[in-house]
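Participant: Quick one: structure below, then a few questions.
The values are calculated or read from the model by the stated rules, or taken from the named source; none is laboratory data. Predicted model, so just to flag it, every value in this text is computed and none were measured. Glycine also receives a Cβ, built like all others from the backbone with ideal geometry; neighbour counts cover every protein chain displayed.
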Amino acid sequence: MKIDYKNQRIEWLLAAVNAVTAAVVAGTFVLLVGFDRPFISSVVLHKVQAWALVVFILEKPIRMFNAVSISQWLRAFRIEVLLIVALVVTLLGAGRWFATEDPASLRSMAIGIYLFIELVTKGSVGLVNIMAGGRSPTRVLIMSFVGLIAAGTGLLLMPRATTGQHISVIDALFTATSATCVTGLIVQDTGSYFTPQGQMTILALIQLGGLGIVLFGAVFALIVGQAFSVRETAAMRQVLSEEGALKISGMIGFIFLFTVAIEALGAIVMWCMWPGIDGHAMSFRQQWFCSIFHSVSAFCNAGFSTFADNMTGYRGAWGTYAVMCPLIVLGGLGFGVLYNLAEIAFERIKLVAARLRQPGKSRLARVRMTLQTKIVLTASLLLIFAGMVSLVFFERYSIRPEGLKQEAAFGWHDGLFHSISARTAGFNTVDVPSMSPAGKIVLMLLMCVGGSPGSTAGGMKTVTFVMLIAVVWVTLRKRTEVEIFGRSIRLAIVSRAITLAVIYLAALVVITMTLSITERHSGFSLLDIAFEATSALGTVGLSTGITPNLSVAGKLVVILGMLVGRLGPLTLVASLTFNLRPARYNYPEEAVMVG
């Protein structure tokens, strides 16, 4: 919500003071949480936080009286006012009305929570304002991912993040990029190398990177009562690739609530899966954390696991297929498709309820399944089935190099799991290095296609793949327009799909060839290198085991590939060509020979 202020200079000064104070507060949190013995005493750090609290609280009345309309300001910042009231009650009541045994700890905790909420709120509102600042939203999106990776790298470099040997900068950068880009390629074992604090950092990066830091900023901006202006709404539509008349705040709320609900449900059901597996004994707390970690990782299609062998130890466990597969599929469908399916479900429920209240009176459903939903669901089902059949067939009957033995028979359940996981997630129940070359090529093809637009998955996307098939089909049928499910597709969309596919495949070739140079002394086969490049660009996370042994240059190439794959090659091109104006002229036509 746009608030008008009487004196804009005061507002700019307050913004600058807030930025400096927020940076100081963030530094105190890093020192208190990241170090066993910070070089500044904890007493001094808590005093700094107390002064920062004073600054944040004094800012509120100054801005309120500087606002043109005090009532408008109170409506926009009502949540922050309530937080201040709750904080004051806690600080004054500790030791008097409650927490009589240790009031100092409660006050310190209350101040820390309030400051953390202030940091998140100010960062969220600032991010949304930057999105609507007139510059390319895609550039802001790119910078948000780069900033998140940088912050994650710094947190993983903290002494409390690792269990033993201090992690190198390149490995911390690689892990932060892999988590933020929801890839799952690892250079250090997540479960044994990182402490619970380090694993929490990785989990936070997966969640923020999976849904997008901009989306989380919009969510928190809405929570604190900030309504979107017209420019902010337009910017969020571009980020979410939402072009319809849908209310953007409703879409953002649905994405956030659906994600929390599905991940919570997955964690609850998955909690029963861990006991009873040899070598994976856990305490009650570890069992819950393991459930939450894998549920978030599966829905965000990250592929990170706290187990050294990924999911191979749970190859026959029911939860691997009954819980993780649905989570992976839902995360890869795209939030636009999920929203459309939710609308259809609610509409059907309302129709049934109306017919029960008034029997015999028929009503027609007003919500239809969009073309996007039809394409995504059809393509996903066909790819899962085709991938499953292909993997089982080639793993059983294709050529296998001498000395390469499959550990156990590759069954239909293995084919189903890897057909789903290879397109988006990167979990594996079978040792990938022991698979046949033909099986690895099938996995690479699935990784290239990836998930669906608007999802947490990577790849060139299912809709792009369907468009390419449709172009070939209409050419063979000598039709002039691309038609799918009785609808014609605009030429601009077809051109966009072809452009995306060409850029994606070109990027894949460049990454593969570059790795073949950086790893020329490693002894890796070209198939292994191509598999690694495909997994990085598709943000999948499957590997033939060469990731930890990559050179520093190779790791940097894979890091760049993961970032390009998460943002999308077309997004990067759009950010570079944002200021280019379309040509207002056409050249004369002339025929050329093709084929």
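Participant: Name the residues in the range 516-534 that are in a helix (DSSP H, G or I) and not small (Gly, Ala, Ser), would you? Show your work before the answer.
Facilitator: Taking the range 516-534 first, the residues in a helix (DSSP H, G or I) are 516-518, 526-534.
If the condition is that a residue be in a helix (DSSP H, G or I) and not small (Gly, Ala, Ser), then Ile517, Thr518, Leu526, Leu527, Asp528, Ile529, Phe531, Glu532, Thr534 are the ones that fit.
Participant: Right, next: Select from the range 293-322 the residues that are crowded, with 24+ Cβ neighbours inside 10 Å and more than 17 Å from the chain's Cα centre (by Cα) and list them in ascending order.
Facilitator: If the condition is that a residue be crowded, with 24+ Cβ neighbours inside 10 Å and more than 17 Å from the chain's Cα centre (by Cα), then Asn310 is the only one that fits.
Participant: Can I ask one more? Which pairs have Cβ atoms under 7 Å, sit 6 or more apart or on different chains, and link a residue in the range 3-22 that is over 14 Å from Glu118 (Cβ atoms) to one that is among the aliphatic types (A, V, I, L, M) and in a loop (DSSP other than H, G, I, E, B)?
Facilitator: Asp4/Val68; Tyr5/Val68; Lys6/Val68
Participant: Return the residue satisfying two criteria in turn: it lies in the range 336-360 and is modelled with pLDDT under 85 and within 29 Å of Leu416 (Cβ to Cβ), and of such residues it is surrounded by the most Cβ atoms within 10 Å (Cβ to Cβ).
Facilitator: Going through the qualifying residues, I end up with Gly336.
Participant: Using the structure shown, decide if Phe39 is surrounded by fewer than 12 Cβ atoms within 10 Å (Cβ to Cβ) and either closer than 30 Å to Phe194 by Cβ or out of contact with any Gly (no Cβ under 8 Å at 6 or more places or on another chain) (or both). Break it down into steps so the answer makes sense when it comes.
Facilitator: Values: surrounded by fewer than 12 Cβ atoms within 10 Å (Cβ to Cβ): yes; either closer than 30 Å to Phe194 by Cβ or out of contact with any Gly (no Cβ under 8 Å at 6 or more places or on another chain) (or both): yes.
Here the answer is yes, as Phe39 does meet what is asked.
Participant: Criterion first (surrounded by fewer than 23 Cβ atoms within 10 Å (Cβ to Cβ), touching a helix residue (DSSP H, G or I) at 6+ places or on another chain (Cβ under 7 Å) and at pLDDT 90 or above) does Ile202 satisfy it? Before the answer, list the steps.
Facilitator: Details: surrounded by fewer than 23 Cβ atoms within 10 Å (Cβ to Cβ): no; touching a helix residue (DSSP H, G or I) at 6+ places or on another chain (Cβ under 7 Å): yes; at pLDDT 90 or above: yes.
No; evaluated as a whole, the condition is false for this residue.
Participant: Please go through the range 509-523 and give me each residue that is surrounded by 13 or more Cβ atoms within 10 Å (Cβ to Cβ) and modelled with pLDDT of 90 or more, ordered by number.
Facilitator: Taking the range 509-523 first, the residues surrounded by 13 or more Cβ atoms within 10 Å (Cβ to Cβ) are 510-516, 518-519, 522.
Correct list: Val510, Ile511, Thr512, Met513, Thr514, Leu515, Ser516, Thr518, Glu519.
Participant: Could I ask something else about it? Of these, Thr499, Thr475, Thr462, Thr480, which one is among the polar types (S, T, N, Q) and either touching a His at 6+ places or on another chain (Cβ under 7 Å) or within 29 Å of Thr259 (Cβ to Cβ) (or both)? Even if it seems obvious, please write down each step before you answer.
Facilitator: Values: Thr499 fails: either touching a His at 6+ places or on another chain (Cβ under 7 Å) or within 29 Å of Thr259 (Cβ to Cβ) (or both); Thr475 fails: either touching a His at 6+ places or on another chain (Cβ under 7 Å) or within 29 Å of Thr259 (Cβ to Cβ) (or both); Thr480 fails: either touching a His at 6+ places or on another chain (Cβ under 7 Å) or within 29 Å of Thr259 (Cβ to Cβ) (or both).
Only one candidate qualifies: Thr462.
Participant: Of the residues Val187, Val182, only one is crowded, with 19+ Cβ neighbours inside 10 Å, on the phi > 0 side of the Ramachandran plot, in a loop (DSSP other than H, G, I, E, B) and not aromatic (Phe, Trp, Tyr); which? It would help to see each step written out before you state the result.
Facilitator: Numbers: Val187 fails: on the phi > 0 side of the Ramachandran plot.
Only one candidate qualifies: Val182.
Participant: Among residues belonging to the range 252-284 that are assigned to a loop (DSSP other than H, G, I, E, B), in contact with a helix residue (DSSP H, G or I) (Cβ under 9 Å, 6 or more places away or on another chain) and surrounded by 11 or more Cβ atoms within 10 Å (Cβ to Cβ), point out the one that is modelled with the highest pLDDT.
Facilitator: Initial filter on the range 252-284 (assigned to a loop (DSSP other than H, G, I, E, B)): 271-283.
When the remaining residues are screened for being in contact with a helix residue (DSSP H, G or I) (Cβ under 9 Å, 6 or more places away or on another chain), the result is 271-275, 277-280, 282.
From the residues that got through so far, the ones that are surrounded by 11 or more Cβ atoms within 10 Å (Cβ to Cβ) too are 271-274, 277, 280, 282.
On the way: Trp271: 83, Cys272: 79, Met273: 76, Trp274: 73, Ile277: 57, His280: 58, Met282: 70.
Filtering the range 252-284 for residues that are assigned to a loop (DSSP other than H, G, I, E, B), in contact with a helix residue (DSSP H, G or I) (Cβ under 9 Å, 6 or more places away or on another chain) and surrounded by 11 or more Cβ atoms within 10 Å (Cβ to Cβ), the one modelled with the highest pLDDT comes out as Trp271.
Participant: Sort through Ala530, Ala497, Ala506 and tell me the only one that's under 25 Å from the mean Cα position of the chain (by Cα), under 30 Å from Lys440 (Cβ atoms), loosely packed, with under 14 Cβ neighbours inside 10 Å and not charged (D, E, K, R).
Facilitator: Every option except Ala506 fails the conditions.
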